[in-house]
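Written out below as structure tokens is the structure these notes cover.
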Amino acid sequence: MTAEQPDDAPWWTRAVVYQVYPRSFMDSDGDGVGDLGGVLRRLDHLTDLGVDVLWLSPVYRSPQADNGYDISDYTDVDPAFGTLAQLDELIAALHERGMKLVMDLVVNHTSDEHPWFAESRSAPDSPKRDWYWWRPPRAGMAPGQPGAEPTNWHSFFSGSTWELDEASGEYYLHLFDRKQPDLNWENPQVRHAVYEMMRWWLDRGVDGFRMDVINLISKDVGPGGELHDGPPIPGLPYGDATSSVVCGPRIHEFLQEMHREVYAGHRDRLLLVGEMPGVTVEEARLFTDPAREEVDMVFQFEHVQLDYDGSKFSPRPLRLTDLKASFGRWQAGLADVGWNSLYWDNHDQPRAVSRFGDDSPRHRRDSATCLATLLHLHRGTPYVYQGEELGMANAPFEHLDDFRDVESLNHYAQAVAHGEEPGAVLGALRRMSRDNARTPVQWDASPDAGFTTGTPWIAVNPDHAEWNAEAQREDPRSVLAHHRRLVALRHEDPVVALGDFTMLLPEHESVYAFTRSRGGVTLLVVCNVSGHEYRLAELLPEAGGADLVLGNLDVDDPAVLRPWEARVLRLP
Ligand code: ISL
């Protein structure tokens, strides 16, 4: 059970956010890479959907080792994406349409080509040496000797988190790729340089930040600068860094300081969302308690790891009861304090319809609309990832060279080097690679889906001949039209935005049901997350006689819940 929210709840409780991954959204200049000109050209699509906020993945200057999550200049736009003037144009165009722009903020690390890092690397006595994490080899070992890395940590992108700098004989820390050195947030100069940059963007008119891996900025470091080995990871010669880097000792202090230093004078118009791998619901309550002045909501990862069998690239089938238990805990945990963000998809996750739904021709449309209903009717702010509103599916990649993502390519190299069978590793990439989310948005049925007139940087999914925005725009049964209705429902009905959440049928293996209540009104949400039929009358007798507010199928027999059917009902 959750508490009701007062009507003066923040604006983002009623908002829906749409994520644009610019490289794959729309190319305006024919170089095969999406860009700001493309975003500007497709703004009508967002208006049509009715979303309130555009979250823009990074467009800053970057060598693109991780598609822009490796920044070499925080106050300029990468030429691949356009110009700063176009970004200003985007801010103005969105504001004119009553929408907001949330920028990605990547400050756990920079690119190794950022001038800060170049200076830091230039000499051990550089004034910026301490802006990053430099450490000598392990005691008694020579630089570069196997096992001489300062800690045993495994990088998110495979291999060690430490890269040797030959010139100084010291290592620098990179939790992600070696081209993404971690900033040292212990150093106040680093923090204030980041805050200054954030103020610069707010003064330019942006309406908030999606803060990349922000719960990794505080590392557990001893008084003498010691960092500690993590528990060994089975099957790998590395240890798990989690206890040293996830929600470290000063994380709340840093976010509160950021709040004081950056948001004054802007607060009410902003949306602040922290991306937080490994965050627990207890920590999330602290992060999102308004009284603590940290962030508005977090992206947690529990539900997108329920199909991991130990790790991302060894997937297993998801059990719906696990999903319910997880979402149920987050709904309850952030009921009276804090707020949830709701997502299936983003640029790091396989496509929801392929992963949690059924992308076979028979069930694709129904499962995509069912999943969308399920998500949008929870209490929290929903995030729609580009193409999700069209029911875009995983890519039919065949060969290793179809993949582009550094995480996938590094994983393949490491797994094969450790003796895994190449075909099996490739099979896991096909299911779980982030590239599944990164194929170009399917605008129409033309050869490159209307994304580009050139050669796309990653293959367009051939199913765009059937699955595209143009084909769906005027079709009231389309996945797109269903998303439009869900967004509108949140705007119109305060129960959807603010009502209490109560989980029903927690033990049922296929039917996901819950109520949302507020001010004497109760909505019953019933979703059949399977290809089987169920007798609704037996499962939830109270559904009989209720009015249909929104559904994804035409109901001929109200007592029967068809495969992948979703209904939102108003109880008498
Ligand atoms: O995608 C993941 C799940 O396997 C993570 O490893 C992911 O990298 C992690 O969720 C952090 O993501 C964010 O930071 C990364 C960047 O590559 C991702 O695109 C970004 O969303 C480093 O900046």
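The values are calculated or read from the model by the stated rules, or taken from the named source; none is laboratory data. This is a predicted model, so every value here is computed, not measured. Every residue, glycine as well, gets a Cβ built from its backbone with ideal geometry; the counts of neighbours run over all protein chains shown. We work out accessible area using only protein heavy atoms, side chains counted, and drop any ligands, DNA or RNA first. Shrake-Rupley method; radii C 1.70, N 1.55, O 1.52, S 1.80 Å.
Would you check if there is a residue in the range 257-266 being away from the ligand (no atom under 16 Å from the Cβ), open to solvent by 40 Å² or more (accessible area, probe 1.4 Å) and either closer than 30 Å to residue 351 by Cα or free of Cβ contacts under 8 Å to residues at least 12 places away in the same chain (or both)?
Of the residues in the range 257-266, the ones away from the ligand (no atom under 16 Å from the Cβ) are 257-266.
Narrowing further to those that are open to solvent by 40 Å² or more (accessible area, probe 1.4 Å): 260-261, 264-265.
Then keep just the ones that are either closer than 30 Å to residue 351 by Cα or free of Cβ contacts under 8 Å to residues at least 12 places away in the same chain (or both); that gives 264-265.
Yes, the range 257-266 contains at least one residue that is away from the ligand (no atom under 16 Å from the Cβ), open to solvent by 40 Å² or more (accessible area, probe 1.4 Å) and either closer than 30 Å to residue 351 by Cα or free of Cβ contacts under 8 Å to residues at least 12 places away in the same chain (or both).
Filter the range 238-256 down to the residues that are within 16 Å of the ligand (Cβ to nearest atom) and in contact with a Phe, Trp or Tyr (Cβ under 7 Å, 6 or more places away or on another chain) and list them by number.
Within the range 238-256, 238, 241 meet the criteria.
Give the number of residues within the range 195-229 that are surrounded by fewer than 19 Cβ atoms within 10 Å (Cβ to Cβ) and not basic (Lys, Arg). Talk me through it step by step, then tell me what you get.
Initial filter on the range 195-229 (surrounded by fewer than 19 Cβ atoms within 10 Å (Cβ to Cβ)): 195-197, 199-200, 203-205, 220-226, 228-229.
Restricting the remaining residues to those that are not basic (Lys, Arg) gives 195-197, 200, 203, 205, 220-226, 228-229.
Within the range 195-229, residues that are surrounded by fewer than 19 Cβ atoms within 10 Å (Cβ to Cβ) and not basic (Lys, Arg) number 15.
Look through 286, 318 and report the one residue that is without any contact (Cβ under 8 Å) to a residue 60 or more places away in the chain and in a loop (DSSP other than H, G, I, E, B).
Working: 286 fails: in a loop (DSSP other than H, G, I, E, B).
Step by step, each of 286, 318 is checked, and only 318 is without any contact (Cβ under 8 Å) to a residue 60 or more places away in the chain and in a loop (DSSP other than H, G, I, E, B).
If I filter the range 136-154 down to residues being in contact (Cβ under 8 Å) with a residue 24 or more places away in the chain and among the polar types (S, T, N, Q), which single residue comes out as surrounded by the most Cβ atoms within 10 Å (Cβ to Cβ)?
Applying the filter and picking the extreme gives 152.
Quick one: which of 469, 437, 459, 449 is within 22 Å of residue 347 (Cβ to Cβ) and within 14 Å of the ligand (Cβ to nearest atom)? Before you say what the answer is, go through the steps one by one.
Details: 469 fails: within 14 Å of the ligand (Cβ to nearest atom); 459 fails: within 14 Å of the ligand (Cβ to nearest atom); 449 fails: within 14 Å of the ligand (Cβ to nearest atom).
After ruling out the rest, the residue left standing is 437.
From the list 445, 393, 465, 428, pick out the single residue that is under 21 Å from the mean Cα position of the chain (by Cα) and either of a type outside the set (A, V, I, L, M, F, W, C) or surrounded by fewer than 21 Cβ atoms within 10 Å (Cβ to Cβ) (or both). Before the answer, list the steps.
Working: 445 fails: under 21 Å from the mean Cα position of the chain (by Cα); 393 fails: either of a type outside the set (A, V, I, L, M, F, W, C) or surrounded by fewer than 21 Cβ atoms within 10 Å (Cβ to Cβ) (or both); 465 fails: under 21 Å from the mean Cα position of the chain (by Cα).
That would be 428, the only listed residue that is under 21 Å from the mean Cα position of the chain (by Cα) and either of a type outside the set (A, V, I, L, M, F, W, C) or surrounded by fewer than 21 Cβ atoms within 10 Å (Cβ to Cβ) (or both).
Evaluate the range 336-347: report whether one residue or more is β-branched (Val, Ile, Thr) and either within 16 Å of the ligand (Cβ to nearest atom) or not in a loop (DSSP other than H, G, I, E, B) (or both). Can you show your working first?
Going through the range 336-347, the residues β-branched (Val, Ile, Thr) turn out to be 337.
Next cut, either within 16 Å of the ligand (Cβ to nearest atom) or not in a loop (DSSP other than H, G, I, E, B) (or both) only: none.
No, every residue in the range 336-347 fails to be β-branched (Val, Ile, Thr) and either within 16 Å of the ligand (Cβ to nearest atom) or not in a loop (DSSP other than H, G, I, E, B) (or both).
Can you find, within the range 92-111, the residue that is most open to solvent (accessible area, probe 1.4 Å) among those that are under 22 Å from the mean Cα position of the chain (by Cα) and more than 16 Å from the ligand (Cβ to nearest atom)? If you could, list the steps in order and put the result at the bottom.
Going residue by residue through the range 92-111, those that are under 22 Å from the mean Cα position of the chain (by Cα) are 94, 99-111.
Now restrict to residues that are more than 16 Å from the ligand (Cβ to nearest atom): 94, 99-101.
Details: 94: 0, 99: 9, 100: 45, 101: 0 Å².
This residue is 100.
Counting only residues that are under 24 Å from residue 387 (Cα atoms) and without any contact (Cβ under 8 Å) to a residue 60 or more places away in the chain, give me the helices (runs of 4 or more DSSP H) lying completely in the range 440-517 with at least 1 of them. Before the answer, list the steps.
Values: elements: 469-473, 479-492, 494-498.
Qualifying helices (runs of 4 or more DSSP H): 469-473, 479-492.
Looking at (1) within 30 Å of the chain's Cα centre (by Cα); (2) among the polar types (S, T, N, Q); (3) more than 13 Å from the ligand (Cβ to nearest atom), which one does residue 168 not meet, given that it meets all the others?
Residue 168 satisfies every listed condition except (1).
Within the bounds of the range 296-309, is there any residue that is surrounded by 22 or more Cβ atoms within 10 Å (Cβ to Cβ), assigned to a loop (DSSP other than H, G, I, E, B) and within 22 Å of the chain's Cα centre (by Cα)? If you could, list the steps in order and put the result at the bottom.
From the range 296-309, those surrounded by 22 or more Cβ atoms within 10 Å (Cβ to Cβ) are 297-300, 304; that's our starting set.
With assigned to a loop (DSSP other than H, G, I, E, B) added as a condition, the list becomes 300.
Subset that is within 22 Å of the chain's Cα centre (by Cα): 300.
Yes, the range 296-309 contains at least one residue that is surrounded by 22 or more Cβ atoms within 10 Å (Cβ to Cβ), assigned to a loop (DSSP other than H, G, I, E, B) and within 22 Å of the chain's Cα centre (by Cα).
Would it be correct to say that residue 284 is within 16 Å of the ligand (Cβ to nearest atom) and more than 30 Å from residue 426 (Cα to Cα)? So that I can check it myself, show each step before the final result.
Details: within 16 Å of the ligand (Cβ to nearest atom): yes; more than 30 Å from residue 426 (Cα to Cα): yes.
Spelling it out, residue 284 is indeed within 16 Å of the ligand (Cβ to nearest atom) and more than 30 Å from residue 426 (Cα to Cα).
Tell me which of these residue 69 doesn't satisfy, since it passes every other one: (1) open to solvent by 40 Å² or more (accessible area, probe 1.4 Å); (2) assigned by TED's automatic domain parsing to the domain that holds residue 47.
The failed condition is (1).
For the range 400-410, check the following and say yes or no: at least one residue is away from the ligand (no atom under 15 Å from the Cβ), within 24 Å of residue 356 (Cα to Cα) and modelled with pLDDT of 95 or more. Break it down into steps so the answer makes sense when it comes.
Keep residues of the range 400-410 that are away from the ligand (no atom under 15 Å from the Cβ), which gives 400-402.
With within 24 Å of residue 356 (Cα to Cα) added as a condition, the list becomes 402.
From what is left, the residues that are modelled with pLDDT of 95 or more are 402.
So far as the range 400-410 goes, yes, one or more of its residues are away from the ligand (no atom under 15 Å from the Cβ), within 24 Å of residue 356 (Cα to Cα) and modelled with pLDDT of 95 or more.
Residues that are assigned to a helix (DSSP H, G or I) and buried (at least 18 other Cβ atoms within 10 Å of the Cβ): does the range 543-564 have at least one?
To start, the set of residues in the range 543-564 that are assigned to a helix (DSSP H, G or I) comprises 543.
Subset that is buried (at least 18 other Cβ atoms within 10 Å of the Cβ): 543.
Yes, the conditions are met somewhere in the range 543-564.
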